[in-house]
1. Go over the candidates 338, 354 one by one and state the one that is farther than 15 Å from residue 425 by Cα, in the same structural domain as residue 277 (by the TED database) and part of a helix (DSSP H, G or I).
2. Identify, from the list 15, 30, the residue that is over 24 Å from residue 123 (Cβ atoms) and crowded, with 21+ Cβ neighbours inside 10 Å.
3. Test residue 563 against the criterion of being in contact with a strand residue (DSSP E or B) (Cβ under 7 Å, 6 or more places away or on another chain) and either part of a strand (DSSP E or B) or surrounded by 16 or more Cβ atoms within 10 Å (Cβ to Cβ) (or both), and give yes or no.
4. For segment 136-178, which positions are outside any loop (DSSP other than H, G, I, E, B), modelled with pLDDT of 70 or more and within 30 Å of residue 547 (Cβ to Cβ)?
5. Is it fair to say residue 362 is farther than 19 Å from residue 494 by Cα and in contact (Cβ under 8 Å) with a residue 12 or more places away in the chain?
6. Are any residues in segment 253-299 in contact (Cβ under 8 Å) with a residue 60 or more places away in the chain, over 30 Å from residue 492 (Cβ atoms) and crowded, with 17+ Cβ neighbours inside 10 Å, and if so, which ones?
7. Can you find a residue in segment 375-389 that is modelled with pLDDT of 85 or more and surrounded by 16 or more Cβ atoms within 10 Å (Cβ to Cβ)?
8. What number of residues within segment 353-375 are in contact with a helix residue (DSSP H, G or I) (Cβ under 7 Å, 6 or more places away or on another chain) and more than 15 Å from residue 400 (Cα to Cα)?
């Protein structure tokens with residue numbers, strides 16, 4: 001059992017100890033024990049906004065806590081299923097603070113969320129709901145709405161209504177006056193209108209359960225960790241983010257191999273449903289094999305003329321075969337590029353570019369491939385070894401694969417991208433071509449079969465290896481990138497490009513976090529200034545945070561944790 005699983009097991013035992021038989025909190029583990037997901041039901045007073053925009057009391061609240069693959073290094077994913085009116089709850093999301101320490105236990109979080117529901121604690125300076133924050137500031141004399149000590153389950157004899165006040169600090173450490181804070185909340189309200197969300201409605205949140213966890217925490221990282229109260233950490237703390245590995249195989253698969261594989265399958269299907277062979281091409285020119293032989297026997301044409309006519313048809317067949325293969329793989333790879341970055345417009349744009357360029361270059365590649373194949377095949381006899389024949393076909397497919405790779409590489413005309421795509425096409429084409437004859441002989445049952453299975457395997461191998469080449473390219477060529485470690489896109493990597501890399505939930509951005517409703521349409525930019533990468537908030541309602549501190553402009557360093565809405569991205573450089 002690794003350190004992460006030991007921590008989860010310890011949390012599980014502590015939860016059973018602290019909440020077994022608790023009259024105000026029921027904790028239900030979901031899945032195998034020790035659980036990595038919990039449903040918590042609170043029987044305490046909270047408030048919500050009804051359909052008539054009136055505040056009402058609610059005494060049952062249900063939340064879900066998910067321990068993601070990088071827990072406890074980063075805070076768990078918390079959502080609420082029941083309606084609530086609170087500055088730090090919105091659309092099912094719960095903000096449990098932007099500063100997180102691995103020493104804070106799951107029991108601490110459960111109790112802290114319960115205290116938030118009772119309005120014993122709340123933060124109005126960087127709220128999720130600006131409307132609720134403004135209301136809370138104007139009505140803080142009504143709080144807390146519940147007075148249950150959730151550690152003991154006992155009601156506090158005296159309410160804290162008149163014994164507390166809230167000091168809010170700005171970025172310079174100065175106390176913000178109440179009027180000034182209300183003005184800032186009103187500004188957030190105006191900006192929230194851009195997102196177009198209704199704070200009185202709570203969106204249903206669906207969490208994807210994972211069967212495996214790919215994150216490992218060493219014992220040394222967890223030893224000696226003490227609990228430090230959240231308030232103390234927020235006053236003076238930095239998030240420590242480990243320097244991750246440079247190769248992300250998940251990105252290689254989802255951005256390269258997967259779409260190359262799909263493109264190969266589609267290319268093969270297209271080849272089979274609309275076969276273009278030399279006989280059909282001859283028919284379009286008004287010839288048949290029988291008519292050519294008959295004309296030769298009658299002395300109307302010479303043998304060299306027959307070879308020339310058939311050769312031109314075969315040459316065109318090879319060119320069209322390569323063009324269809326390249327066009328299909330290029331279109332799918334282009335679409336995949338846009339989908340990966342969350343933009344439908346880019347998916348359509350890159351798909352169209354990939355289709356056109358790969359069609360043209362693939363046609364030329366197929367033309368050259370057939371010339372090379374025919375010249376090598378010229379001196380073969382019936383006694384030529386199968387290995388040599390396989391090698392000849394491999395050479396032809398290699399040229400074709402190089403052409404397809406060039407076409408796909410030109411979707412984004414960068415030197416290293418083109419080189420990697422060409423290498424993928426060359427290797428994939430060679431392997432697919434070399435195996436073609438052997439596969440056709442071993443699998444073909446029907447004597448009339450023309451190599452359907454062999455073409456399928458050959459084309460799919462070529463497409464897959466081109467995708468692998470593209471995926472490996474970005475892993476070796478990347479200089480700066482973001483890895484999502486919390487949120488809907490957890491585990492994904494996004495390259496930080498030269499110039500401006502924009503982030504938001506609109507498809508117009510470079511990086512689109514479209515599933516995170518708390519991310520603004522145009523949330524922030526990362527601008528490359530020489531060797532520096534500067535993060536600039538674009539006036540987002542929920543703000544941009546780096547290592548727990550709200551920023552307007554910040555020079556990023558290796559390992560900085562960027563919080564946007566409900567997503568956390570770690571900045572990495574080579």
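The values are calculated or read from the model by the stated rules, or taken from the named source; none is laboratory data. Given the structure is predicted, the values throughout are model-derived calculations rather than measurements. Neighbour counts are summed over all protein chains in view; Cβ atoms, including those assigned to glycine, are modelled from backbone coordinates with ideal geometry.
1. On the way: 354 fails: farther than 15 Å from residue 425 by Cα.
Going through 338, 354 in turn, just one is farther than 15 Å from residue 425 by Cα, in the same structural domain as residue 277 (by the TED database) and part of a helix (DSSP H, G or I): 338.
2. Values: 30 fails: crowded, with 21+ Cβ neighbours inside 10 Å.
Every option except 15 fails the conditions.
3. On the way: in contact with a strand residue (DSSP E or B) (Cβ under 7 Å, 6 or more places away or on another chain): yes; either part of a strand (DSSP E or B) or surrounded by 16 or more Cβ atoms within 10 Å (Cβ to Cβ) (or both): yes.
It is true that residue 563 is in contact with a strand residue (DSSP E or B) (Cβ under 7 Å, 6 or more places away or on another chain) and either part of a strand (DSSP E or B) or surrounded by 16 or more Cβ atoms within 10 Å (Cβ to Cβ) (or both).
4. Of all residues in segment 136-178, those outside any loop (DSSP other than H, G, I, E, B) come to 136-138, 140-142, 148-149, 154-155, 168-169, 175-176, 178.
With the extra rule that they be modelled with pLDDT of 70 or more, the set shrinks to 136-138, 140-142, 148-149, 154-155.
If the condition is that a residue be outside any loop (DSSP other than H, G, I, E, B), modelled with pLDDT of 70 or more and within 30 Å of residue 547 (Cβ to Cβ), then 136, 137, 140 are the ones that fit.
5. On the way: farther than 19 Å from residue 494 by Cα: yes; in contact (Cβ under 8 Å) with a residue 12 or more places away in the chain: yes.
Spelling it out, residue 362 is indeed farther than 19 Å from residue 494 by Cα and in contact (Cβ under 8 Å) with a residue 12 or more places away in the chain.
6. Once the filter is applied, which keeps residues that are in contact (Cβ under 8 Å) with a residue 60 or more places away in the chain, over 30 Å from residue 492 (Cβ atoms) and crowded, with 17+ Cβ neighbours inside 10 Å, segment 253-299 yields only 271.
7. No: segment 375-389 contains no residue that is modelled with pLDDT of 85 or more and surrounded by 16 or more Cβ atoms within 10 Å (Cβ to Cβ).
8. 3
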